[in-house]
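Right, one structure below, let's go through it.
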Amino acid sequence: MNTDENSYTIITPAHNEAAFLPRVMDSICRQTIKPIKWVILDDRSTDETWSIISRAAQKHSFIEPIRETGHAGRRVGSNIVHLFNLGYQKLPAKMPLVVKMDADILLPENYFETLLNKFCEDPKLGIASGKTYNYQRGKWILERIADSHVTGGCKTYRTRCLEDIGGLIPVHGWDILDVVQARW
């Protein structure tokens, strides 16, 4: 694997995710290839989300906590893009890969190693994700989606692709439009 392609950052918007965040953080800290930086944005949570993020940042130098305050307004769908953009501004310059990851996603230990290898193998790959499983009735069930779809819960972008498509569009459905734009 090329060392340049071996670098990635994560941006995670989080709103009232205290029930999930400790396990999510554990799954990132156990990755075989860890992120250079993980920006976690607390989006006006009313539970213990902020204190969980703050404590994790004290333990792990790659975590950068950001607390969004003020009135959320009416930004259905676009709020995620707004938070992503706030996090994106905090990233080191010229990171080859950036991940938009929800605060309730659990990943196997080799998730990013596998994904980074895919980006190294295919220089034209612009956006990718793994498959999504949902826990239902005591079992993990594979979500039925097309192989050509990139799930919104944990998307990895080649930074060049993200810039070529002009960033994420702040509307409901942004996570479909980005893939459509990238295919053009």
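The values are calculated or read from the model by the stated rules, or taken from the named source; none is laboratory data. Everything numeric here is computed off the predicted structure, so don't read it as measured data. All Cβ positions, glycine included, derive from the backbone under ideal geometry; neighbour counts span all protein chains shown. Just so you know, the surface numbers come from the protein's heavy atoms only, side chains and all, with ligands and any DNA or RNA stripped out. Shrake-Rupley method; radii C 1.70, N 1.55, O 1.52, S 1.80 Å.
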Can you find a residue in region 166-184 that is of a type in the set (Asp, Glu), closer than 15 Å to Thr9 by Cα and touching a residue at least 40 places away in the same chain (Cβ under 8 Å)?
-> no
The correct count of residues that are of a type outside the set (S, T, N, Q) and more than 18 Å from Ser7 (Cβ to Cβ) in region 31-67 is 17
Hey, Gly167 hits all of (1) open to solvent by 60 Å² or more (accessible area, probe 1.4 Å); (2) at pLDDT 90 or above; (3) on the phi > 0 side of the Ramachandran plot but one; which does it fall short on?
-> (1)
Please report, ordered by residue number, the strands (runs of 3 or more DSSP E) entirely within region 46-157 with at least 1 residues that are of a type outside the set (Lys, Arg) and at pLDDT 95 or above.
-> 63-68, 97-101
With (1) open to solvent by 40 Å² or more (accessible area, probe 1.4 Å); (2) acidic (Asp, Glu); (3) at pLDDT 95 or above as the list, and Asp42 as the residue in question, which single condition is left unmet?
-> (1)
Of the residues in region 103-144 that are surrounded by 11 or more Cβ atoms within 10 Å (Cβ to Cβ) and among the hydroxyl-bearing types (Ser, Thr, Tyr), the one that is nearest to Ile176 (Cα to Cα) is Ser129
Hey, does region 54-70 have a residue that's in contact with a helix residue (DSSP H, G or I) (Cβ under 6 Å, 6 or more places away or on another chain), of a type in the set (Lys, Arg) and surrounded by 15 or more Cβ atoms within 10 Å (Cβ to Cβ)?
-> no
Based on what the data block shows, is Gly153 under 23 Å from Asp42 (Cβ atoms) and open to solvent by less than 50 Å² (accessible area, probe 1.4 Å)?
-> yes
Can you run down the residue pairs with Cβ atoms below 6 Å, 6 or more apart or on separate chains, where the first is in region 43-55 and closer than 13 Å to Thr12 by Cα and the partner is small (Gly, Ala, Ser) and open to solvent by 50 Å² or more (accessible area, probe 1.4 Å)?
-> none
More than 16 Å from Phe84 (Cα to Cα) and among the small types (Gly, Ala, Ser): does that describe Gly153?
-> no
